[in-house]
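Presented below is the structure to which this report refers.
No lab work stands behind these numbers, since they all come straight from the coordinates. Bear in mind that the values here come from a model prediction, so they are computed numbers and not experimental data. Methodologically, a virtual Cβ is constructed for each residue, glycine included, from the backbone with ideal geometry; neighbour enumeration extends over all protein chains shown.
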Amino acid sequence: MAVGTSGLDKTRMMILEKGPNDEHAQDNSDSNTTSTTFQDKLSLVFTPPSAGDYLILAGAGVKNATSLRKTAVRLLDNGTSTGYGDNQSSFQNTTDWHPWYTQFKINLAASSQTFKLQWSAVAIGTAHIREATIIAIRLDHHRPPIGYAENLTNASTSNTTYVDRTTLTHTPENTFQMILGAMFIESQGFGAQNNNVAGRVIEGATPIVMVENIHRPSVRGGTWPVLALKRQETAESSTTWKTQWKRFAGPSAHIKDSSIITVDMDDRRVL
Amino acid sequence: MSFYIDYGENDTRDTSTGASQQNLNVTPGALIQPNTTYFILATGVSDFDAAGTGKAHVILDEADSGTVRTMEIRHRDAPNELRSVPMLYAFDSGASPGNWDDWSIWHWPVA
């Protein structure tokens, strides 16, 4: 039976070799809970050899086995009790699996560090999580400069044209650059088309749209993660990247956990 | 400190009405060494032409080792919605790195 036509565009894939002092943890199994209190899915525990900066990346697939419900996910820095990427995915059907992703830069002391990927149901339903990964990339061993900007707190707009959230202006070295731009966008409406919200990542003065995401949640307050990924060999000229968001015609649009990073990458193939 | 191994991108939208459709293929080949750990960062933008009645499977797959990430994305406002699909994966190449050297992103519609 024909169910429709799927389309896919702007695909990106980068493969990195784990280096000295990088860390990771992964659990691909499907776990579920009816608890509305965060449960631990996966922990990354390590002690940095010295104080320094890390890029933390975390991702998972989530669902809710009760239709029209939400599943909450966050990455908890156990040392500071800070929840990163604390957002709620909404689901129309019981078999939908939606992505969750967050990223941020953090300075860590040379003491034991624990990051916990956690999930919970929201009000009711059975919340599932699988394919969970946490990666910590030691940044200060990469060739400087590293460009980074973030606005992790929640902001809203009633604008129907794109509004800037995070701006990074940076002059990379003329080598391989890994560029990551990410955010969650959220609508306080659902169902009707005018409740759509949008987020995008752009590059340059005459903007190149690296990724654009248009989102209508199944449940009020449902969020969606957005990731732009790019490799480029940049001349040593100043470049500006921005995350942006807007509403369409309904309630205000929200943006959270917005960040952009550019990292100079050593090419393993020529070392 | 991570090391760059390989990268691919595709800005050409393609479609599927049933069969799995490969949108991007990255083949690091012999750059994948034995007993080494690698990270994969992947993303794409999914769309669908029938709101609510179907969903898009988007997967990250290795030709020998199989599918390692599966997203099943319901579009509430077809065909207008555009859904970003971030995927993270880590693997150790073990003794047979040839089983980890041919990566793709595929998609197809399901009920």
Handout entry: Extension gain, A:Gln193 back to A:Thr175 (0.36 nm per residue minus Cα-Cα distance, nm)
Key = 2.1 nm
Handout entry: Percent breakdown of C-alpha pair distances by 5 Å bin, ordered from the shortest bin, for region A:1-93
Key = 2, 8, 15, 18, 17, 15, 11, 7, 3, 1, 1, 0
Fill in the blank from the handout: So the compactness index of region A:111-152, its C-alpha Rg divided by 2.2 N^0.38 Å, takes the value 1.81
Completion exercise
In whole angstrom, the spacing between the Cα centers of region A:35-88 and region A:94-137 equals 3 Å
Problem - Separation of the A:His141 and A:Thr114 label points, Cα + 7 Å toward Cβ, nm - result: 2.5 nm
Fill in the blank from the handout: In whole Å, largest first, the alpha carbons of region B:21-110 cover along the principal axes 45, 18, 15
Exercise for the section: Report, ordered by chain and residue number, the lysines lying within cross-link reach of A:Lys70, taken as a straight Cα distance under 28 Å and ignoring same-chain residues fewer than 8 apart. Expected result: A:Lys10, A:Lys41, A:Lys105, A:Lys116, A:Lys246, A:Lys256, B:Lys55
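Between B:Thr53 and A:Ser238, what is the FRET efficiency for a Förster distance of 45 Å, r being their Cβ-Cβ separation, to the nearest 0.05?
0.40
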Exercise for the section: Between A:Asn93 and B:Arg13, take the C-beta separation as r, use R0 = 25 Å, and let me know the FRET efficiency to the nearest 0.05. Expected result: 0.50
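Given a Förster radius of 35 Å and the C-beta distance between A:Arg220 and B:Thr67 as r, what FRET efficiency does 1/(1 + (r/R0)^6) yield to the nearest 0.05?
0.60
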Handout entry: P(r) of region A:72-115 over all Cα-Cα pairs, binned every 10 Å from zero, in whole percent
Key = 23, 42, 22, 11, 2
Exercise for the section: Taking the Cα atoms of the protein assembly as shown, report the difference between the largest and smallest coordinate on each principal axis, in whole Å and largest first. Expected result: 53, 45, 42
Problem - For region A:104-233, with +1 on Lys and Arg beta carbons and -1 on Asp and Glu, the positive-most of A:Val197, A:Ile208, A:Ile179 along the dipole - result: A:Val197
Problem - Semi-axes of the equivalent ellipsoid for region A:121-271, Cα gyration tensor, largest first, Å - result: 32, 20, 11
Practice task
Take chain B, connect every pair of alpha-carbon atoms lying under 10 Å apart with a spring to form a Gaussian network, then pick out the residue of B:Asp11, B:Asp49, B:Asp92 with the largest mean-square fluctuation.
Solution key: B:Asp11
Exercise for the section: Only Lys, Arg, Asp and Glu count, each charged at its Cβ (+1, +1, -1, -1), so figure out the dipole size of chain A about its Cα centre, rounded to 20 debye. Expected result: 820 debye
